[in-house]
Amino acid sequence: MTHDIWIYILVASAVTLAIKILPLTLIRGEIKNSTIRSFLHYVPYVTLAVMTFPAIIDATQTQISGGLALVAGIFSAWFGASLFKVAVICCTVVFVAERLLL
Amino acid sequence: MTTENRQALADGFRDGTPIGLGYFVVGFSLGIVAKYVGLSPLQGFVISLLNNASAGEYAALTVIKSDAPYFEIALLTFIANARYILMSTVLSQKFSPDTPFYHRIFVGFDVTDEIFGITIARGGRYLNPFYNYGAMLTALPGWSIGTACGIVAWNFFSEAAVSALSVALYGMFLAVIIPPARKDKIIGGAVVASFFLSWLAENFFPEISAGNRTIALTILIAGAAAILFPVKEDDNDS
C-alpha cells in the first residue's frame, strides 16, 4: 500500500458530497437533455451489475459456492424477495455449499 | 421549532427507522469488505458517515484494494454515484423559495436511494427538510456504525462465516438490479451485457484494475443504452 487510506477516504467523500449537494444548491432549472437523463437512468443498474459479476464468484472460498450464491440471488430477487432476504439467501447458500464441498 | 417542522421530523424518523435498520445490515456487509481491504473501524465509520452510498463505497474500496492513483477513486466514485446528480436535481425543484439556503446543503448531505424515495413518496409541492432530518437520524448512524461493527466483527468470525458474509453485498446489489431487469427489457439487456462484458474484461484484460473496468464498462454500456434507447420523459427514474 503506497497510498494513504485517509486520503482515499477524503477524495471519495469529497466527490460523493459534491455530487449530492452541488445540484441541489446550484441547479435551479431541470436537466432537459434526454440523452443525459437516460444515461443517468441506466447507470446504477450497469454499475451494480459490472461490480457484482464476476466478483461474487471470486469473493468466496470456492468459485462453485459463489456461483451458486449468484444463481440463488438472481432467482430470489426475480421472484420479489426483499433486499435483506436476498442477502441472507446468498450467504446461506455459500455457507451450506462450502460445508458440503470443503 | 414550529409544530409543522416537529411533526415532519417525527414522520421522517418513523419512515426512516426501517431504512436505518436496513442500512445497518448494508453497512455491516460493507464493513466485511472494508476489513478485507485494510480499513480500521474508525476509517470505516468515517467513509460510511460521509458517503452513505453502497455502490459508491464498494467501488471506492475496490480502488483502495488495488492501491490505484487517487484520481481513480475520484473518477469511480463519481461514476458509481452519478445517479445522485439526478436525484439531487429533482430535489432542488421541490424546495420552497422561502426555505433558507443552508437546508439545501443539509438535505443534500444525505441523498440516498431510499431517503429520496420516501421524500418523493411523501408528496406535496414542497418538501420539508425536517422530514429528511428525521430519516437521517436513523440512516446515518445505522450505516456508519454498521460499517464499524462489520470491521470489528470480522475478528470473531471463522473463515467459513466470512466467506458466506462476503456475498451479502452482492446479494443486495442483485436485489436492486434484478426486479427492474425483469420488468424492463432494456435494463435486463443492459444487466446481461454488463455481466458478460465484465467477465470478458476480467479474463482477457486482467491488467485493468477493477475500478477502471467498472468506469469503462459503465460509460460504454449505459452510454450505448442511453443513445439507442432514450428514456421517455414520463417514466423517468426515481
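The values are calculated or read from the model by the stated rules, or taken from the named source; none is laboratory data. Note that the structure is predicted; figures quoted are calculated from it, not measured. All Cβ positions, glycine included, derive from the backbone under ideal geometry; neighbour counts span all protein chains shown.
Please specify each residue of the range B:71-94 satisfying the condition of being within 17 Å of A:Val11 (Cα to Cα) and either more than 7 Å from every other protein chain (Cβ to nearest Cβ) or among the aliphatic types (A, V, I, L, M) (or both). Of everything in the range B:71-94, those that are within 17 Å of A:Val11 (Cα to Cα) and either more than 7 Å from every other protein chain (Cβ to nearest Cβ) or among the aliphatic types (A, V, I, L, M) (or both) turn out to be B:Phe71, B:Glu72, B:Ile73, B:Ala74, B:Leu75, B:Leu76, B:Ile79, B:Ala80, B:Ala82.
When the criteria are applied in full, B:Phe95 fails the requirement of being touching a residue at least 24 places away in the same chain (Cβ under 8 Å) and buried (at least 24 other Cβ atoms within 10 Å of the Cβ).
Each residue in the range B:158-173 was checked for being within 14 Å of the chain's Cα centre (by Cα) and more than 7 Å from chain A (Cβ to nearest Cβ), and 1 pass. Looking at the range B:214-229, can you tell me whether even one residue there is buried (at least 17 other Cβ atoms within 10 Å of the Cβ), outside any helix (DSSP H, G or I) and without any contact (Cβ under 8 Å) to a residue 40 or more places away in the chain? No, that holds for no residue.
The residue list B:Leu127, B:Leu169 contains one member that is aliphatic (A, V, I, L, M), in contact with a helix residue (DSSP H, G or I) (Cβ under 7 Å, 6 or more places away or on another chain), touching a residue at least 24 places away in the same chain (Cβ under 8 Å) and more than 24 Å from A:Ala49 (Cα to Cα), which is B:Leu127.
Filter the range B:40-54 down to the residues that are within 7 Å of another protein chain (Cβ to nearest Cβ) and surrounded by 24 or more Cβ atoms within 10 Å (Cβ to Cβ), then identify the one that is modelled with the lowest pLDDT. Within the range B:40-54, the match that is modelled with the lowest pLDDT is B:Ala53.
Residues are listed down the side, and each one gets a yes or a no for (1) part of a helix (DSSP H, G or I); (2) within 15 Å of the chain's Cα centre (by Cα); (3) more than 7 Å from every other protein chain (Cβ to nearest Cβ); (4) under 25 Å from B:Leu140 (Cα atoms):
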site: A:Tyr8; (1), (2), (3), (4): yes, no, no, yes
site: A:Thr16; (1), (2), (3), (4): yes, no, no, yes
site: A:Ile21; (1), (2), (3), (4): yes, no, no, yes
site: A:Leu24; (1), (2), (3), (4): yes, no, no, yes
site: A:Arg37; (1), (2), (3), (4): yes, no, no, no
site: A:Tyr42; (1), (2), (3), (4): yes, yes, no, no
site: A:Ile56; (1), (2), (3), (4): yes, yes, no, no
site: A:Leu70; (1), (2), (3), (4): yes, yes, yes, no
site: A:Gly73; (1), (2), (3), (4): yes, yes, no, no
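Residues in the range A:69-102 that are charged (D, E, K, R) and either closer than 26 Å to B:Lys183 by Cβ or surrounded by fewer than 18 Cβ atoms within 10 Å (Cβ to Cβ) (or both): A:Lys85, A:Arg99. If you scan the range A:52-70, which residues turn out to be of a type outside the set (S, T, N, Q) and touching a residue at least 12 places away in the same chain (Cβ under 8 Å)? Those that are of a type outside the set (S, T, N, Q) and touching a residue at least 12 places away in the same chain (Cβ under 8 Å): A:Phe53, A:Ile56, A:Ile57, A:Ile64, A:Gly66, A:Leu68, A:Ala69, A:Leu70.
Within the range B:8-39, which residues are over 23 Å from A:Ala55 (Cα atoms), at pLDDT 90 or above and within 11 Å of chain A (Cβ to nearest Cβ)? Hits for the range B:8-39: nothing passes.
Scoring B:Ile105 on the criteria (1) in a helix (DSSP H, G or I); (2) more than 8 Å from every other protein chain (Cβ to nearest Cβ); (3) surrounded by fewer than 19 Cβ atoms within 10 Å (Cβ to Cβ) leaves a single failure, condition (2).
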